[in-house]
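The values are calculated or read from the model by the stated rules, or taken from the named source; none is laboratory data. Everything numeric in this text was worked out from a predicted model, so none of it was measured. Cβ: placed from backbone, ideal geometry, glycine included. Neighbour counts: every protein chain shown. When the accessible area is computed, the model is the full protein with side chains, heavy atoms only, and any ligands, DNA or RNA have been set aside. Shrake-Rupley method; radii C 1.70, N 1.55, O 1.52, S 1.80 Å.
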Amino acid sequence: GERFVKGSQQKGGALYTRAEKLAQGVSIKAKGAIQTIDDQIAELSQAAETNAPLIQELQKFRADLANNAGVKVAGMRDLRTAAQKAAYTDSLRSTPAKRVLGIVAQSISDDIDAGLQQAGRGNAAAAFKTADTYWRDRVEYIDSVLEPIIGKGKSGESIVQAVQSMAEGKGKGVQTLMKLMRSV
C-alpha cells in the first residue's frame, strides 16, 4: 500500500509535469473562476458573519486569480489544489465549504482547459485531463481501498483483522479486498 501511494504520486506528478511542458508557459485569465467566486461570495454574503471564514478564503483565491497578465498553468493548478484542500481545514470543515470550494476548483479546471484550447495547446489540455483523471482515480483507490485496510497508525494485527473481516464478506469487504488483490 505504501509503495502504491509513493509510486502513484510520482507517476501523477510526472503526468502533470508533462502537461505543463506541453502548455509552454501559457498564462490564463481566470474569468470563469473569478465570476464563480464573485457569485459564491454574493450568495454567502446573505449571512456574512456566519460565512466570514469562507468568504475570506474565497477573497484570497480571487486576489490570486485576478492577475491582469494571467496566471501560468502551474499556478492555476496550485490554486485548484489549494481550493480542494481548503475544504478540509479545521476552520472550514462544513459541508457548505466543501460544496463551494469544489465549485471553485471545478471552475479553475474549466479555465485551464479553455485557456489552453484558446492558446492552441489542445494537446496540453488533453494531457491535463489525463493527469486529473489519474490523480482522481488514485485518490479514490487510496480512500476506498487502502485507507480502510492500512490506515494511519494501524498495527500489523489490526491490518490482518481488517483483511479477515473483508474476506468474511462483511459490508463491501469482499469487493474492497478484490480491488486490493488486483493492485497487488
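Return the pairs, sorted by first residue and then second, in which the second residue is part of a helix (DSSP H, G or I) and among the aromatic types (Phe, Trp, Tyr), the first residue lies in segment 129-155 and is under 15 Å from residue 10 (Cα atoms), the beta carbons are less than 6 Å apart, and the residues are 6+ apart or on different chains.
131/16
Which of the residues spanning segment 114-140 are surrounded by fewer than 18 Cβ atoms within 10 Å (Cβ to Cβ), in a helix (DSSP H, G or I) and not hydrophobic (A, V, I, L, M, F, W, C)?
Hits for segment 114-140 are 117, 118, 122, 123, 129, 130, 133, 134, 136, 137, 138, 140.
Considering 173, 153, which residue is open to solvent by 40 Å² or more (accessible area, probe 1.4 Å) and farther than 30 Å from residue 44 by Cα?
The unique qualifying residue is 153.
For segment 129-184, what are the residues that are out of contact with any Gly (no Cβ under 7 Å at 6 or more places or on another chain), of a type in the set (Val, Ile, Thr) and under 30 Å from residue 78 (Cβ atoms)?
130, 133, 139, 142, 145
Quick check on my filter: what residues within segment 40-87 are open to solvent by 80 Å² or more (accessible area, probe 1.4 Å), of a type in the set (Asp, Glu) and assigned to a helix (DSSP H, G or I)?
Once the filter is applied, which keeps residues that are open to solvent by 80 Å² or more (accessible area, probe 1.4 Å), of a type in the set (Asp, Glu) and assigned to a helix (DSSP H, G or I), segment 40-87 yields 43, 64, 78.
Just one of 147, 140, 168 is out of contact with any helix residue (DSSP H, G or I) (no Cβ under 8 Å at 6 or more places or on another chain) and farther than 17 Å from residue 1 by Cα; which is it? Quick ask: steps written out before the conclusion?
Numbers: 147 fails: farther than 17 Å from residue 1 by Cα; 140 fails: farther than 17 Å from residue 1 by Cα.
The match here is 168.
Surrounded by 13 or more Cβ atoms within 10 Å (Cβ to Cβ), more than 15 Å from the chain's Cα centre (by Cα) and of a type in the set (Lys, Arg): does that describe residue 6?
Working: surrounded by 13 or more Cβ atoms within 10 Å (Cβ to Cβ): no; more than 15 Å from the chain's Cα centre (by Cα): yes; of a type in the set (Lys, Arg): yes.
Taking the combined requirement at face value, the residue does not satisfy it.
From the list 5, 26, which one is touching a residue at least 12 places away in the same chain (Cβ under 8 Å) and in contact with a strand residue (DSSP E or B) (Cβ under 8 Å, 6 or more places away or on another chain)? So that I can check it myself, show each step before the final result.
Numbers: 5 fails: in contact with a strand residue (DSSP E or B) (Cβ under 8 Å, 6 or more places away or on another chain).
Only one candidate qualifies: 26.
Mind listing just one residue for me: the one in segment 20-39 that is outside any helix (DSSP H, G or I) and open to solvent by 30 Å² or more (accessible area, probe 1.4 Å) and, of those, farthest from residue 121 (Cα to Cα)?
Residues of segment 20-39 that are outside any helix (DSSP H, G or I), as a first pass: 24-30.
If we keep only those that are open to solvent by 30 Å² or more (accessible area, probe 1.4 Å) too, we end up with 24-25, 27, 29.
On the way: 24: 8, 25: 11, 27: 12, 29: 15 Å.
The extreme case among them is 29.
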